[in-house]
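Contents: one structure, followed by commentary.
Every read-out reported here was derived from the displayed coordinates using simple, explicitly stated rules and does not represent laboratory data. Computed from a predicted structure; not experimentally measured. Cβ atoms come from the backbone with ideal geometry, glycine included; neighbour counts cover every protein chain shown.
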Amino acid sequence: MSQLLSQVFATLSALLLAPLLLGWVDQSRAWLANRSGPGILQPYRTLHKLFNKESVMADTASPLFRFVPYLIFGCMLLASAIIPTLSTDLPLARAADAIALVGLFALARVFLALAAMDIGTAFGTLGARREMLIGFLAEPALLTVLFSSSLIANSTALKTIVNKVSQNEFTIYPSLVFAAMAFVLVFLAENARVPVDNPATHLELTMIHEALILEYSGRHLALLEWAAALKLFAYSTIGIALFLPWGITGGMDPQRVILALVFLILKLALLGVILALVETLSAKLRIFRVPEFLATAFLLGVIGMLTHILLGS
Amino acid sequence: MLNGSPLNWVLWVIAVWIGIGFLGIVALRRFGVVAKVFFPLGGVVGVALAWASARALTSGTAETATLPIGLPQLQFHLRLDQLSSFFLLILGIASVGISLFSAGYFRNGAGTAPGLLCMEFHFFLASMALVLIADDAYAFMVAWESMALSSYFLVTANHKMPKIRAAGFLYLLIAHVGAIAVLLSFGILQANTGDYTFANMRLQQISPFWASVAFLLALFGFGAKAGILPLHVWLPEAHPAAPSPVSALMSGVMIKMAIYGLLRVCFDLLHIQIWWWGVLLLALGLGTALFGVIFAAVQTDMKRLLAYSSIENVGLLFAAMGLALLFRSYGMNTLAALALTACLYHVGAHAFFKSLLFLTTGSVLHATGERNLGKLGGLIRFMPWVAWLALIGVLASSGLPPFSGFVSEWLLLQSFLFTPGLPQSFLNMLIPVAAASIALIAALAGYAMVKFFGVVFLGQPREDKLSQAHDAGFLEKIGMLWLALSCLVLGLAPNFVLHFIDPVTQTLVGKGLAHSGSANGWWLLTPTSLERASYSPVYFLVGVVITCALIFTVVRIFYHGRMRRSVPWSGGHTWQNARMQDTAEGYGQPIRQIFESFFDMERHLPKPEESEPEYKVVVTDKFWKGIYLPIARATEFVSAQVGRLQQGRISIYLLYSFLTLLITLLLVPGVSR
Amino acid sequence: MSNISIQLINLFAAFLLMLAFAMLAQRRVLNLVHIYALQGFTVVAATSVVAYVTHQDHLYFSAVMTLVLKVFFIPWVLHRLIKRLNVRWDVETLINIPSTMLVGIVLVVFAFNLALPVSRLSSSVSPGTLGIALACVLLSFMMMITRSKAIPQVIGFLSMENALVFAATSATYGMPMVVELGIALDVLVGVFILGLFMFQIREQFESLDISHLENLKEG
């Protein structure tokens, strides 16, 4: 019962913290650009507004198109529920290990691309193609990152990985240097962040994610925006779980869970600032530099695995 | 009858299939009888085959029989063991769906007469079943050749088209070159004892050198059938040329016969396994898979796309088999069982989803008359059944959870992550690279499959006539539904499936996963331990469905469900039409750019002054130019030289015969002495 | 050697390998200089750790020398060179970057297998660090091959030397002072000569693209 409770608590905190993280990143970007910014609560306001609006659906849309936002939201929520954020003792986490988690993201991506192709406009298909282009390079890159960690823990279960790194005696894992570097690149690409995509633009030459959801409006758009925030949150927590797991508790003692929550929020705040800094400092890549960017991530991941075996640790 | 041994059942099924084939001849032109009675009957018999082989699998003993057919002294030895039963099970299940679909699919009047088609189809099924139960080289080769021949005639069902004849010829040629290699391999395996039964081959202790030669010959022979690099060229020609149910049968099932053959030789007939065999298989498999998936992503013909995707899957199967062989050669049997399980799981998964996908292309072809992706689109509106069933196949094929392709890929990746235990440090270092390429291949498969589904079924119809497309008929729907259900079972109940794979791995490598796999409940797949890795498709599905339902109701309760239909927004552009969507070429463009060195490309870019501008890009296989054309030229040259012997005068021909006779007599030992 | 110091050395080895790959993947000349400085700093850190653990005080001296020379002085010279020659912009590589990295991975595997028998000869050599140092040498060499401009080639040459020093200090725990001084002097002289050389190339061809040197051949 208490396991269930901890699962529900983790899921709810993911659901609520995700827009906050997005707001925090946007706010930090605004500050770095010397603007005052909309405040970190802006994503909630946007979501509320969108949910209240009527949904306008293209008359060529098939049932697939209507059902996809719910599915993607479900996938992202499930992903956030599986990743150990506060405690490693999550009943749902058994359903999926690291590989299945990547599969879950891939499932969401495929459906998003299909939905974008469904209307049959030039923008949608362009976005779908670019999204799949990013996907087929980012997914294996993420997998190699996770493999580097699983080689250390000798397991692909996220729970075991976190326990191995955080609760044993302090050890330095050189392979994680590569994995972390690769992860940062994948993180930026997967969350449509600046060197790859620009979340703040609607220009056809630069956008990827926005092109995919161009035809959505009202509650469907709200769900997709929320799902995108959840994805950002999920990726951040994957990064935390793999590279900075200290603070995640093993059990579900309420006091320690609250402490873990405080740790989590601090880490996320730090991560948000770093993300904003990276975005501010880098320039958007041309679309045909993106495969190179991601191939670099992929190969760094491979080198990470190799280093693990080379150094025998 | 019901108590008969499984082998008897299998023999009956083969007999009935052959019988239906002959009945097809009798009712040569009576289309109604052939379509409405014979094909469904064949399907029902397929159920019996699946049932009998499932029973044989779980009963756990091998059964043998001898059939007094063939030459005197040279009877058919038959044996039904776990490995054959597993493949028979796959054959049975797939044949049910494909037969039912065929009953509704074949139309009167096109090409070959319906009765003849019925005969070839059922002979094809029967010969595949016979391949699986053959227990001597003689029976095996007879079945293998009749499989090749019957499928050749099926491929050339539309023999009026020269392109299809050429494809059929290429197929026949490579199939026969492969068959010779298989035969030679058996010749080595019997080790000069003159006894060609498999039972005898198992007893022989041949030296590592000859074992390697036998392995390489078997790899060549079976690889030719499976479409391994560089013997794959026939596959993208022949599979699309055949009628769709036949493509389904060839891609889904016949290719697996080659996998069966190689498994039989490597793990059963040969008494040793050498580590470099595994490395070779792994490298060949990965190369083939990468090649196949990259080419699949740039195809513009939907059946060719699927054919290349089959090449990719064969590559994955070979890679898994190679890994199993590698573990086996080091005596790490539990891991060998894991890799072998991944291989066998993928055999099942691919058989069902690829058959399903080929069948859906058949329905699309019938409804629209188009195979070219550039002229399709938007079919989900006109043929919803086909579209949604195809979606299941597409998701399974992309390796997405909770569908069937994911389970096998997951198992395969798990077995890769175990490799750091290998005693050779060099191999240990190559494995991460291999695991990473598996991940890349899986992701690329998703790309190709999104292209397939998105371009065919989504968007706006690219031609006007598409809006007249009709959905599949009743029997076609049933056939596809059956295969889609099989896909779902494989995706959602891995532990149930493991019960059928476990006996096979138990007999081949002595270990199995059924026990450890479901140790934590039937819903949770744990290949070794809960700590190490677990995956539960049921949790997955339930989790996603519950959250979807919950969100849906919550949004309705707190907000509203208002919706308005309108023209697409499309960034505010007012004028747009179906031609502004991405074409199949456009969708493949990033792949063409990134993997440019893989292709031989011919581009035609329109010039500004052209009145009818046309953009064309033809992507061809480098292997044609690199390997096949030189061989063809060399053959042509040699035959031209031989042609000089041909003088046209009878006395010279008689002289040739005379000389031949003299030389032969000279060589016969009794005469020369 | 305590456990933690071995881990630290391994970590620095990984950093060095990472920087070598970063160099392969980097197009901007200025960033190459920064990576080179970082590489120097990693070597300094590794040398200091070895000095601390093995109580070889002369290694501290060598660390300080590396710091001054390779982290501050040479990068400063290179910066000035880049400014004077005005070649701050991106340079295209001869082979595209992912393929270069792929070849790099093969080199790593190769180097490790080369280092394996060497490390068996002596107990104090860890195969991992020696393999990585060797791999860094090969990678720097490859970077020199794949670049067509003179400055990246010079940086490749310098980072090769960095990897050698790392191999000497960390994998085998130090080498005689004289050898080290000699190497340092060599590098210094090398940088000056190459700097002069670049000015000459530029004056001659109005560009630093060394493919122009092909014009010098006879006929």
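Here are a few things to note about the model shown:
- The simple Förster model, with R0 at 22 Å and r as the Cβ-Cβ distance, assigns residue C:186 and residue C:5 a FRET efficiency of 0.15.
- An oblate overall shape is assigned to segment C:45-119, the ratio a/c of its alpha-carbon gyration tensor axes (a ≥ b ≥ c) being 1.5 or greater and a/b not exceeding b/c.
- Long-range amide H partners of residue B:536 with built H, under 5 Å: A:96, B:525
- Percent RCO, i.e. relative contact order, over segment B:391-434, from Cα pairs under 8 Å lying at least 6 residues apart: 20 percent
- P(r) of segment B:388-468 over all Cα-Cα pairs, binned every 5 Å from zero, in whole percent: 3, 14, 18, 16, 13, 10, 9, 6, 4, 3, 2, 1, 0
- Spacing of the modelled spin labels on residue A:265 and residue B:424, each 7 Å from Cα toward Cβ, amounts to 5.6 nm.
- Alpha-carbon centroids, segment A:118-179 and segment B:149-220: separation in whole Å: 43 Å
- From least to most packed, judged by other beta carbons within 10 angstrom and beginning with the fewest, B:487, B:548 follow the order B:548, B:487.
- Helical runs assigned H by DSSP (4 residues or longer) give chain A a calculated mean residue ellipticity at 222 nm of -24500 deg cm²/dmol, each run adding -39500 (n - 2.57) before division by the residue total.
- Shape category assigned to segment B:94-170 from the gyration tensor of Cα positions, a/c cut at 1.5: oblate
- Debye-formula intensities of segment B:1-76, expressed as log10 I(q)/I(0) at q = 0.25, 0.26 Å⁻¹, are -1.09, -1.13 (one equal scatterer per alpha-carbon, no solvent).
- When A:231, B:256 are arranged by Cβ crowding within 10 Å, least crowded first, meaning fewest neighbours, the order is A:231, B:256.
- Spin-label pair residue B:173-residue B:655: with each label point 7 Å from Cα along the Cα-Cβ axis, the two points sit 3.3 nm from one another.
- Placing a label point 7 Å from the Cα of residue B:193 along the Cα-to-Cβ direction, no residue of segment B:66-95 has its backbone N under 13 Å from that point.
- The protein assembly as shown - share of DSSP beta bridges that are antiparallel (%, nearest 5): 80 percent
- Helical segments meeting 20 Å axial Cα length and Kyte-Doolittle 0.0 threshold in chain A (DSSP H): A:2-32, A:63-82, A:98-119, A:122-153, A:175-190, A:218-243, A:254-281, A:290-311
- Longest exposed-site-free window of chain B, the sites being GluC sites (Glu not before Pro) in a DSSP loop that have at most 12 other C-beta atoms within 10 Å: B:1-608
- Peptide A:211-222 is shielded by partner chain Cβ atoms: per residue, an average of 3 of them sit within 10 Å of its Cβ.
- Segment A:233-300: trypsin sites (Lys or Arg not before Pro) in DSSP coil with no more than 14 other Cβ atoms inside 10 Å: A:286
- Residue-averaged 222 nm ellipticity for chain B, from DSSP H runs of 4+ at -39500 (n - 2.57), nearest 500: -22000 deg cm²/dmol
- Cβ-based net charge around residue B:255, under 11 Å, with every Lys or Arg adding one and every Asp or Glu removing one: +3
- Lys/Arg +1, Asp/Glu -1 at C-beta; chain A dipole; positive extreme among A:153, A:302, A:52: A:52
- Proximal charge balance of residue B:198 [Cβ under 9 Å; K/R count +1, D/E count -1]: 0
- Rounded if a/c under 1.5, otherwise prolate or oblate - segment C:35-81, Cα gyration tensor axes: oblate
- Between residue B:554 and residue B:638, full extension at 0.36 nm per residue minus the direct alpha carbon distance yields a gain of 22.5 nm.
- The chymotrypsin sites (Phe, Trp or Tyr not before Pro) of segment B:235-344 include none that meets both conditions, a loop assignment by DSSP and at most 16 other Cβ atoms within 10 Å of the site Cβ.
- Taking segment C:18-40 and a reference point 7 angstrom along Cα→Cβ of residue B:596, the backbone N atoms nearer than 20 Å belong to C:25-27.
- The Cα trace of chain B gives Rg and Dmax of 26.3, 105 Å, the first to one decimal, the second as a whole number.
- Here r is the Cβ-Cβ distance between residue C:82 and residue C:106 and R0 is 35 Å; the resulting FRET efficiency, rounded to 0.05, is 0.65.
- Nearest-0.05 FRET efficiency for residue C:57 and residue B:615, computed from C-beta distance (R0 51 Å): 0.10
- Scattering profile of the protein assembly as shown at q = 0.06, 0.08 Å⁻¹ [log10 I(q)/I(0), Debye over alpha-carbon scatterers]: -0.55, -0.96
- For residue B:399, distant residues with modelled amide H under 5 Å away: B:405, B:406
- Label-to-label distance, nm, for residues given as residue B:629 and residue A:52 (7 Å Cα→Cβ offset): 6.8 nm
- Dipole in debye (nearest 20) - segment A:22-141, about Cα centre, beta carbon charges: Lys, Arg +1; Asp, Glu -1: 340 debye
- Normalised contact order of chain B, rounded percent, pairs of Cα under 8 Å and 6 or more residues apart: 12 percent
- Measuring how big segment A:156-313 is from its alpha-carbon positions, Rg and Dmax come out at 17.9, 54 Å.
- Added length on full extension, which subtracts the Cα-Cα distance from 0.36 nm per residue, residue B:36 to residue B:184: 48.9 nm
- Cβ-based exposure ranking for B:615, C:60, B:138, B:105, in which fewest neighbours within 10 Å come first: B:615, C:60, B:138, B:105
- Using C-alpha pairs below 8 Å separated by at least 6 residues, the relative contact order for chain A is 31 percent.
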